[in-house]
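Note sheet for the following structure.
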Amino acid sequence: LRSQIRATVAAGVTDPPVPRPAWLRRGRIDLVFVADVVTALILFAITSNVYRHAGVPRGTSPGQVRALLIPFVLCAPLVLRTRYPLTSWSVCVLGEIWASRVVAPGSISGGGYLAPLIIYALCLYAVAVRCKTWAVISAGAVTVFGAVVLDGDNFAAVLFVAAIPVATGLIVRTRRGGRERLEVQERRYEG
């Protein structure tokens, strides 16, 4: 059982990715992946700037860990979310925990929270679309628990923000499943 869980988290692929519609592919280029990379780079720049100045007295250096490594760990999972949704979400969780331990509470402005929150929501959406039910429920439970532990003051807002990607992902998953079943039935009747 432990090796199965480790393999699932390592691979993160529980359902194969659905082929993208033609308008989201240009030859061999996946436009969703390109958008994820561009978004990750933009959010990395924002997060890096915020963490570079968070809680650091004037005239002192925050160090390379805070300036580059934390923003990288917080933003890189977005690039992995299509191929490895569970792994990318897991890295988001660990990155958020690590960042909350390294940076002093209350020293980060809204932009410092917003960029990792966007990435977290997109990775949680990918888990809801592609992972098995137990993984989606576990991710939701960890998200709620983490919201209470890391930021109990904004629990309702974090719960709402977490509910949106999970609900949207489950709706997309249900629609895709219905579409696939309909295609299978149409092939049966044609053949």
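Just so you know, in segment 130-180 the residues that are touching a residue at least 60 places away in the same chain (Cβ under 8 Å) and assigned to a helix (DSSP H, G or I) include one that is most open to solvent (accessible area, probe 1.4 Å), and it is ARG176.
Scanning segment 40-54 for residues being under 15 Å from the mean Cα position of the chain (by Cα) and open to solvent by 50 Å² or more (accessible area, probe 1.4 Å) gives a total of 2.
The values are calculated or read from the model by the stated rules, or taken from the named source; none is laboratory data. For clarity, every value in this text was computed on a predicted model and none was experimentally measured. Ideal geometry is used to build each Cβ from the backbone, glycine not excepted, and the neighbour counts take in all protein chains shown. Keep in mind that these areas ignore ligands, DNA and RNA; they rest on the heavy atoms of the full protein, side chains included. Shrake-Rupley method; radii C 1.70, N 1.55, O 1.52, S 1.80 Å.
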